[in-house]
Amino acid sequence: MVGAKPQVKVSFSVRFMMFWVRHLQQCIASLGELWRTPASSLLTIAVIGVCLALPSSFYLATKNIQQLTNYWKSDSQISLFLRQDISPQQRDALQQNIASMEQVASVELVTKQQGLEEFQQTSGFEDVLTLLPENPLPDVLLVQPSADFNSAGAAKILLESLQQHSLVDEGRLDIEWLERLDTMVSMFQQAAWLLILLLLSAVVLIISNTLRLNILNRRNEIEVMKLVGATDAFIQRPFLYTGFWFGIVGGLMAWVLGNILLIWTEYALQQVGLLYQQDIYLSGLDFREFGLLMLFATLLGLIASWFSVHRHIKEIEPS
């Protein structure tokens, strides 16, 4: 045909590069759309940041409580009172045997002489105790369970196992406080997870509703774009990037608010610790946890925006 323009073939590499260039252009353009309405955008981001800061704060609280309970559990020991008639060789062999167990972190020996001397110093009956014909106290092995076996159930099983030894007269462990501690930590974790799910649901609803309003405000523009042949995927892309920016900036705000809350809580606890001459320090998010927070916030923004945008863009058709 005379006057027909020759078709220009575009290589795959050029098409691939232009695909990402268009994505970058729409990504920057969506950030510009947020900048054109700073008041509403900042309000939405602030709400998202607060909703994400609370779950991260609950996570930090659970993390620090777990560290604190592990510290308390590390002080719990099993006291094994040995028989009076065993020889030092049998006692030392028993100590080595228990120390080699997987469930045991360390074993400390308190001889009957050491126990008597300590009792004399703390009881105030030194003169009376010197009149005893023989030392009535037994040798004691202080068994420290390892980190994987210091829960109430595991410590109880370990105690029952050690008590069955023929050289052990009696074993003691305060199981009740460990069980109460495990129950309280479990209750707090379950409540924290429930609140986290509710707050994350709030984030999804906030982002979905914000983008729904944006789509309704640009309904005429979307209809025109569909009339000239724009696909739904092309129209949806800027709104998806808006959810992407909501997630990133909201995650950063959540990290800042979480650190502020952590510093304030640590300061308050240190004032209490001064009364008991204890230094209290709280752990924040490390680099890996910060990366997971940002990744999760970004994915949450993208998923929430996709569900909202995919549904409402599809419903708009040119009249």
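The values are calculated or read from the model by the stated rules, or taken from the named source; none is laboratory data. Small disclaimer: the values here were computed from a predicted structure and weren't measured. Here Cβ is always computed from backbone atoms with ideal geometry, including for glycine, and neighbour counts include all displayed protein chains. Remember, those area values only see protein heavy atoms, side chains included, never the ligands or the DNA or RNA. Shrake-Rupley method; radii C 1.70, N 1.55, O 1.52, S 1.80 Å.
With all protein chains in place and ligands, DNA and RNA left out, the 1.4 Å accessible area ranks I206, I196 as I206, I196, largest first. Distance between the 7 Å Cα→Cβ label points at N217 and E102: 6.1 nm.
Annotation: V224 carries an accessible surface of approximately 90 Å², with a 1.4 Å probe and no ligand, DNA or RNA atoms counted.
The residues D279, D139, sorted by heavy-atom accessible surface at 1.4 Å with ligands and nucleic acids left out, run D279, D139 from largest to smallest. Taking the average, over residues, of other Cβ atoms within 10 Å as the packing measure, peptides 54-64, 226-236, 163-173 rank 54-64, 163-173, 226-236 from highest down. Accessible surface comparison of W35, W264, W306, W20, probe 1.4 Å, protein chains only, largest first: the order is W35, W264, W20, W306.
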